[in-house]
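What follows is a set of notes on a single structure, which appears directly below.
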Amino acid sequence: MPKRASNRPAGPAAIRSRDGITRRALLRAGGTAASAGLATAAGATWLGSAGCLVPRPKVAEVPSNRTAGVPAPDVAALVAQMTLDEKIGQMTQADRTALQDGTEISTFFLGSVLNGGDSLPNPNRPSTWADMTDAYQSQALSTRLGIPLLYGSDAVHGHALVRGATVFPHNIGLGCTRDPALVAAVARATAVEAAGCGVDWAFAPCLAVVRDERWGRTYEGYGETPELAVSLGAAAVHGLQDAPRGDGGSAILACAKHFLGDGGTAGGKDQGDTQVTEEELRAIHLPGYVAAIKAGVGSVMVSYSSVNGQPMHGNKALITGLLKGELGFQGFVVSDWQAIDKLPGDYTHDVETSINAGLDMVMVPTAFREFIRILKGLVAAGRVPMSRIDDAVARILRQKARFRLWERPLCDRALTPLVGAPAHRELARRAVRQSLVVLKNEGAVLPLRRKARIALVGSRADDIGAQCGGWTVSWQGRRGDTTVGTTVRRALEDAVSAAGGRVDFSEAVGANAGAADAVVVVVGEDPYAEGRGDRAHPALAPADQELVAAARRTGKPVVVLLLCGRPLVLGQVADDAAALVCAWLPGSEGAGVADILFGAAPATGKLGCSWPRGDTQIPVNVGDPRYAPLYEYGFGLDIPAV
């Protein structure tokens, strides 16, 4: 059958459903329907956070013993009882926006539902999430066999798609901490907040070894070396999956991603081609997965990208041969968002190739009906063997049993109030402190005096959305008041107020800067995610460079604070700044930034990626034959606390 224009023509933003509807168009259409007055009955619908009209999930009638919890069945015996429809349903993951009222879960025996980064419930608060996921779960429990549902979400730096959740630094910042215990604690807090919203499965950690700063997902990886993916990725797996004794309800399934070589694509192109020898693939991009499997990771997500021209979603040698065979991975393998559509050939061929290559669950956000129909036909025709179906289903069911979804199918409402808990925010503040890297401190400008008069310049200094970045209350993230937290401005003002200091904030360098003891200039990148963040020339914007130059002309010491998801070519800024601090994308707790600037905590962060001098040096990685970056991998000035 023809493909029906289903391939992504230009990256994630443009991916199309089987009906030719893009993710953005789906949301936009919902907004149009809402504005037309279709949601007139009070309480009849929830609107997705981007305006998508999504009916309130129906709560199904479920035997009380199932909602209270029953022992997990023997997986082999359960598989033997299942019909082909029930088996294929377990292999199918739909996005919540594609469900009319949730009854599709029981009708098609769906094994999993997810929310994309823009398909969020409204009002976007923890209790709404918990009600929604429990309603979906009731539909799964109402089926003949009562197999519980796995609900998945991109909890990649905290459960940050929920407004009010604790937003931790993105992985690029955590990589600079070199602290597995801290990363495990961050993942543990993330699991608690996700579980408090009814989420059973986090699409994290990202184990990409990022080899090119031009890639729009650079901030999702811990750095440019496999050592960071090994130590910190394994720590994140333990944090998500290993709940303390007596607290099994907050253990959620982790997902190591994106297998394999996603951080090594030519030119840093998202979903591109990683052109490497087998030795390079194994030495650079594989070790993180070896460590994650040893840590017990229960799922692995396959990469959109290709390896030496072969799309990973059809790469049986690497999925079945290497991952499941050589490495002995016993969990299940899931596709990325509608990623099998990128395979050559028509959709029937896509399904056949990907399942036979070793995919166990397929993320078919809007096309789940067609996927189910086609896979059922392929089994009937003998093109996908029943043994492959049974293996996939058993792998999925084993993880559901492992995480006690039969015993605890519904959201633990005792965890819901812990979303954004003070203890989690304090942990995030510590993570921010440890992730900041001081690149320059000429004349010992840092730490600043709390009694000083500080001119704070740059709009990003007072912008919680800018400091959180992508995957924060939406897929791409955005500037502005997106979530609950402490901006850099508020943090600096709080730091000096008790000591009698003063912070004068303005977006541009004004007259007040001339009267200040020091000028702090906050510059960097606007939020982005995935392919929309690809940059041919990742450099500090000309307007930001001029802002720093204007601050320099005041004659006052200039402290430049960078909010960015990758190393940026700095140009003259590297010379104009007396002190240069990279805060990456620190998340909701800006007080951690103030702690370093004023010396309340020691500066200890070390670069997890090399910092290029200019465009001609990109990409630059430690171990290159002629290695002379502006700042080397592992560099970071130590400044003691005062």
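Just give me the residues in the stretch 606-623 being open to solvent by 50 Å² or more (accessible area, probe 1.4 Å) and either at positive phi or of a type outside the set (Val, Ile, Thr) (or both), in sequence order.
Quick first cut of the stretch 606-623, residues open to solvent by 50 Å² or more (accessible area, probe 1.4 Å) only: 613, 615-616, 619, 622-623.
Arg613, Asp615, Pro619, Gly623 - these are the residues of the stretch 606-623 that are open to solvent by 50 Å² or more (accessible area, probe 1.4 Å) and either at positive phi or of a type outside the set (Val, Ile, Thr) (or both).
Can you tell me how many residues in the stretch 298-314 are open to solvent by less than 10 Å² (accessible area, probe 1.4 Å), of a type outside the set (Ser, Thr, Tyr) and in a loop (DSSP other than H, G, I, E, B)? Of the residues in that region, 1 qualify. Note on the stretch 548-581: residues that are acidic (Asp, Glu) and crowded, with 24+ Cβ neighbours inside 10 Å total 0. Quick check on the stretch 410-433. Is at least one of its residues crowded, with 22+ Cβ neighbours inside 10 Å, over 16 Å from Lys87 (Cβ atoms), among the hydroxyl-bearing types (Ser, Thr, Tyr) and touching a helix residue (DSSP H, G or I) at 6+ places or on another chain (Cβ under 8 Å)? Within the stretch 410-433 (the criterion being crowded, with 22+ Cβ neighbours inside 10 Å, over 16 Å from Lys87 (Cβ atoms), among the hydroxyl-bearing types (Ser, Thr, Tyr) and touching a helix residue (DSSP H, G or I) at 6+ places or on another chain (Cβ under 8 Å)), the answer is no, since none of the residues qualifies.
The set of residues from the stretch 176-185 being among the hydrophobic types (A, V, I, L, M, F, W, C) and open to solvent by 10 Å² or more (accessible area, probe 1.4 Å) comprises Ala181, Ala184, Ala185.
Just wondering, is there one or more residues in the stretch 285-296 that are of a type in the set (Val, Ile, Thr), surrounded by fewer than 23 Cβ atoms within 10 Å (Cβ to Cβ) and in contact with a Pro (Cβ under 6 Å, 6 or more places away or on another chain)?
Restricting attention to the stretch 285-296, the residues satisfying the condition of being of a type in the set (Val, Ile, Thr) are 290, 293.
From what's left, surrounded by fewer than 23 Cβ atoms within 10 Å (Cβ to Cβ): 290, 293.
Keeping just the survivors that are in contact with a Pro (Cβ under 6 Å, 6 or more places away or on another chain) gives none.
Among the residues of the stretch 285-296, not one is of a type in the set (Val, Ile, Thr), surrounded by fewer than 23 Cβ atoms within 10 Å (Cβ to Cβ) and in contact with a Pro (Cβ under 6 Å, 6 or more places away or on another chain), which makes the answer no.
When we screen Gly263, Gly267, Gly249 for residues that are out of contact with any helix residue (DSSP H, G or I) (no Cβ under 9 Å at 6 or more places or on another chain) and either assigned to a helix (DSSP H, G or I) or surrounded by 24 or more Cβ atoms within 10 Å (Cβ to Cβ) (or both), the only hit is Gly267.
Which is in contact (Cβ under 8 Å) with a residue 60 or more places away in the chain, open to solvent by less than 10 Å² (accessible area, probe 1.4 Å) and touching an Asp or Glu at 6+ places or on another chain (Cβ under 7 Å), of Val209, Val167?
Numbers: Val167 fails: touching an Asp or Glu at 6+ places or on another chain (Cβ under 7 Å).
When all the criteria are applied, what remains is Val209.
Okay, residues lined up against (1) over 20 Å from Met301 (Cα atoms); (2) open to solvent by less than 10 Å² (accessible area, probe 1.4 Å); (3) part of a helix (DSSP H, G or I):
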| position | (1), (2), (3) |
| --- | --- |
| Val351 | no, yes, yes |
| Asn356 | no, no, yes |
| Glu370 | yes, no, yes |
| Lys376 | yes, no, yes |
| Gly382 | yes, no, no |
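Within the stretch 329-350, residues that are among the small types (Gly, Ala, Ser) sit with their Cβ atoms under 6 Å from residues that are assigned to a loop (DSSP other than H, G, I, E, B), at 6+ positions apart or across chains, in these pairs: Gly331/Gly298; Ser335/Leu359; Ala339/Tyr304.
So which residues in the stretch 587-642 are in a loop (DSSP other than H, G, I, E, B), acidic (Asp, Glu) and out of contact with any strand residue (DSSP E or B) (no Cβ under 7 Å at 6 or more places or on another chain)?
So in the stretch 587-642, the residues in a loop (DSSP other than H, G, I, E, B) come out as 587-588, 590, 598-602, 604-610, 612-614, 618-630, 632-638, 640-642.
Now restrict to residues that are acidic (Asp, Glu): 624, 632, 638.
Within the stretch 587-642, Asp624, Glu632 qualify.
The values are calculated or read from the model by the stated rules, or taken from the named source; none is laboratory data. Please read these numbers as outputs of a predicted model, since none were measured by experiment. Glycine also receives a Cβ, built like all others from the backbone with ideal geometry; neighbour counts cover every protein chain displayed. In case anyone asks, the SASA skips ligands and DNA or RNA and just uses the protein heavy atoms, side chains included. Shrake-Rupley method; radii C 1.70, N 1.55, O 1.52, S 1.80 Å.
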